[in-house]
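What follows is a single structure, written as structure tokens, with notes after it.
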Amino acid sequence: MRTSASTFVLKLFYGFCFVVIVPIFLLLWALETEPLVPLPSIRSPALGIGTDLGGLVLIVWGMLSLLVHGKGLPMNAFPPGVYVRQGIYRIIPHPIYTGFTMCCFGTAILAGSPSGFWLVAPIAALGSIALVEGFEKQDLIGRFGHQVRKCLISLPEDAERKPLLHERISVYLLVFIPWVLLYEIFVALGNPADAIVAYLPFERNLPVYEWTEIFYGATYLFVCLVPIVVTRSRTLREFSIAGLIATWMMVLMFIGIPLIAPPREFTAHGILGDILNFERGHDTSAAAFPSYHVVWAYIAARAFAETFPGIKILWWSLAALIAASCLTTGMHAVVDVLAGVGAGLIFMRYKKVWELVRYLSERIANSWREWQTGNVRIINHGVYTAAGAGAGVLIAGILLGPGSVGYLLVMAFCSLIMAGMWAQVIEGSPSLLRPYGYYGGVLGIVIGGILAGFFGGDIWLLLGSYGVAGPVIQGLGRLRCLVQGCCHGREAPPHVGIRYTHPRSRVVRLTKFSGIPLHPAPLYSLLWNIVIGVVLARLWILHAAPTLVAGLYLVLNGLGRFVEEAYRGEPQTPILGKLRLYQLMAILSVVGGAVLTMVRSDPTAPAPQFNYESLVAGVGFAIVIWFAQGVDFPDSNRRFSRLV
């Protein structure tokens, strides 16, 4: 009886958090960060109300489906005991999260809130994705196994049969609509403040041939016909995945590389010229590098070539003509087109690219080398963390300029000390005498920043600079994780996983997973850190508030870590409730980061300035880290003596 009462109280509290506390927190977050997001407001009462109503319909429909068919409440911590395949769940897999995301964007549009639209709603969407990928997906498979089925709106199956009607429709909904929406976001943003015109000198006076609009405009029809004409589900699936990869990778490039291509002027002499001018009036000169037209043309050409191999030269020729038309219509620079061709060829071969990345990761994971002289041993993996730490100090020093090195080194040494202390408490054991913990390092940076503040340093600028440097530090450090075998993943399909076979690897020494394909969790982390690094570096260059930069580092890193932990297989990580310890830490990181973004700070991020002080400090600290994480004393059993 007491257990039942306590469960009821927990359910009530859990529901209160998601129904009341989370929405109020998001609202306050948007209000408090409004001055920090100097981006265009998108205000439309009709669009905002419509989006909100659509989101509410999905939320209510999803909840009712779980109540009626699942015999339980819509709570992932207290899930229904019956797998639901009826109602809205027959159509889409996560209607409540989808509806919640729509409500976040709809409310921002209704209020005309730049912070709500550009900051809070996207983070809420990423948070929903992280919750699904990092917990609910694994929980569903663990509880229901073979009962888990794909919904009607899902990517085509990897099969030789003809695509089903709902699979063809799904490509438009899951691939094309996100592409259009994301591109329109860049149209709304306009040209970035630090935009660089991509044209080479000789291009500015090239003529515009309006008749080539035939090929430029044909891109839309060429691409949109693919789901209709493709005859194999496998081909349509590969087209869809390549399209999704292209969409998100190009968004990252648009953010990170501010090249623009203002359309070259011309005078229309016919209907094709009028169409070209109409298209220009609804387009943007930003989001030009690489050319979306070219990338999509080559991805579509491959799908057509596989469907109609007898005339594949026609499809590749059409893709080449579309690429050329980007120049002859005056819509793109040469560099945009060349980058588009290269990106398209890479994205369409995503399987081979992944195989190469996976192969290199496996080589690194089994590349352990060591050299011993007397009682001193040098291990090769220390080079990776040394490079990351040194680069981090150098980057932070360049961002802040001369005079900041002393403060940055205080923070760096605090991070090293706290990383060691953290891991001793959480993971210390006779087998791991000198481990290091990431969250201890983050705590050390904060403590070091506070100490630096007492001696005249600007704590917010210091934290912001390390927010930009953090992805580089952690990303390179993950290569050491591969070699050492820490942070390894759980079992994975052979085409996804990597095998650890080196006898020195922790996977081989401490687990039963030797030679078994495991998720390359350190690689996942490295790739996500690249995304974080690009976003935060651009914010700094655009002179964002340093608290916004530092806070977003914690938010984005926490979201990625929450998902990463779901694929990790380390047996020593404590599990509290249904979540791993570091998933709980990741949640705290997200919340803490969001709170940090609300702090008003002055001045804004300064312009980067190279200085030799930072270079010397970076090299010096790299040597310290190399000794701490790459040199040990194998014959000693004293604490902190051995790395292995």
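Things worth noting here:
- Relative contact order (%) - the chain, alpha-carbon pairs under 8 angstrom, separation at least six: 13 percent
- Compactness of segment 498-644 - radius of gyration and Dmax, Cα, Å: 19.5, 53
- Qualifying trypsin sites (Lys or Arg not before Pro) for segment 510-579 [loop in DSSP, other Cβ within 10 Å: at most 11]: K512
- Taken along its three principal axes, the alpha carbon spread of segment 180-314 comes to 43, 36, 26 Å, from the longest extent down to the shortest.
- Beta bridges assigned by DSSP with both partners in the chain are antiparallel in approximately 85 percent of cases.
- Seen against the Cα atoms of the chain and their longest principal axis, helix 612-630 is set at about 60 degrees.
- Here's the list of lysines a cross-link from K71 could span, going by alpha-carbon distance under 27 Å and ignoring same-chain residues fewer than 8 apart: K11, K137, K150, K578.
- Computed from the alpha carbon positions, the gyration tensor of the chain leads to an equivalent ellipsoid with semi-axes of 41, 32, 28 Å, biggest first.
- Calculated FRET value between L165 and F144, using beta carbons and R₀ = 35 Å, to 0.05: 0.85
- Nitroxide proxy distance, nm - points 7 Å out along Cα→Cβ at V534 and L12: 4.8 nm
- Residues I214 and A5, FRET efficiency given R0 of 60 Å [Cβ-Cβ distance, rounded to 0.05]: 0.25
- The alpha carbon convex hull volume per residue for segment 136-178 rounds to 94 Å³.
- Spatial separation of Cα centroids for segment 63-101 and segment 316-351, in angstrom: 43 Å
- Helix-only [θ]222 nm of the chain, DSSP H runs n ≥ 4, -39500 (n - 2.57) each, per residue, nearest 500: -20000 deg cm²/dmol
- Sorted largest first by accessible area at a 1.4 angstrom probe radius, with every protein chain in place, the residues V644, V19, V535 fall in the order V19, V535, V644.
- Long-range HN-HN contacts of H488 with modeled amide H, under 5 Å: G569
- Bins of 5 Å from zero: percent of alpha-carbon pairs in segment 284-387: 2, 11, 15, 13, 11, 9, 8, 7, 7, 6, 4, 3, 2, 1, 0
The values are calculated or read from the model by the stated rules, or taken from the named source; none is laboratory data. All figures in this text were calculated on a predicted structure; none of them were measured in a lab. When we count neighbours, we look across all protein chains shown, and the Cβ atoms used for this are built from the backbone with ideal geometry, even at glycine. Note: accessible area is taken over every heavy atom of the protein model, side chains too, but ligands, DNA and RNA are not part of it. Shrake-Rupley method; radii C 1.70, N 1.55, O 1.52, S 1.80 Å.
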